[in-house]
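Asks: The structure that follows is given in the form of structure tokens.
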Amino acid sequence: MKGSGGREDGGSHLPRSRHSLPDLYAFSTENWKRPRTEVEALMRLLRRFLEAELPEMLQNNIRLHVIGCAERLPVNVQQLLTRACARRRPTPP
């Protein structure tokens, strides 16, 4: 599928398991070569995903780690990623 349209499901098709840790491939260095409007659309999708899914991720104790270079991402996306990576559900005493 061309463009960003095929990425709008937000990963909802991923299997859920207590024993596996999936790696989610979101954006590669090759993606920066795409047309500017496409890159901007992908960044909007990433931002919307983080905003929408962060509460559920926290509730389910799902941790997010960024692997790679995030410095080229828009500042608002970098800020969301930083917050998402730092948040953890409190561990009961």
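The values are calculated or read from the model by the stated rules, or taken from the named source; none is laboratory data. For clarity, every value in this text was computed on a predicted model and none was experimentally measured. Note that each Cβ is placed from the backbone with ideal geometry, even for glycine, and that neighbours are counted across all protein chains shown.
Asks: Let me spell it out: the conditions are (1) modelled with pLDDT of 90 or more; (2) within 18 Å of Leu73 (Cα to Cα), and Ala52 meets all of them except one. Which number is the exception?
Replies: Looking at each condition in turn, Ala52 falls short on (2).
Asks: Out of Thr82, Thr91, Thr37, report the one residue that is at pLDDT 90 or above, of a type in the set (Ser, Thr, Tyr) and loosely packed, with under 14 Cβ neighbours inside 10 Å. Show your work before the answer.
Replies: Values: Thr82 fails: at pLDDT 90 or above; Thr91 fails: at pLDDT 90 or above.
From the options Thr82, Thr91, Thr37, the qualifying one is Thr37.
Asks: Same structure again: Taking Ala26 as the residue in question, decide whether it is at pLDDT 85 or above and surrounded by 10 or more Cβ atoms within 10 Å (Cβ to Cβ).
Replies: no
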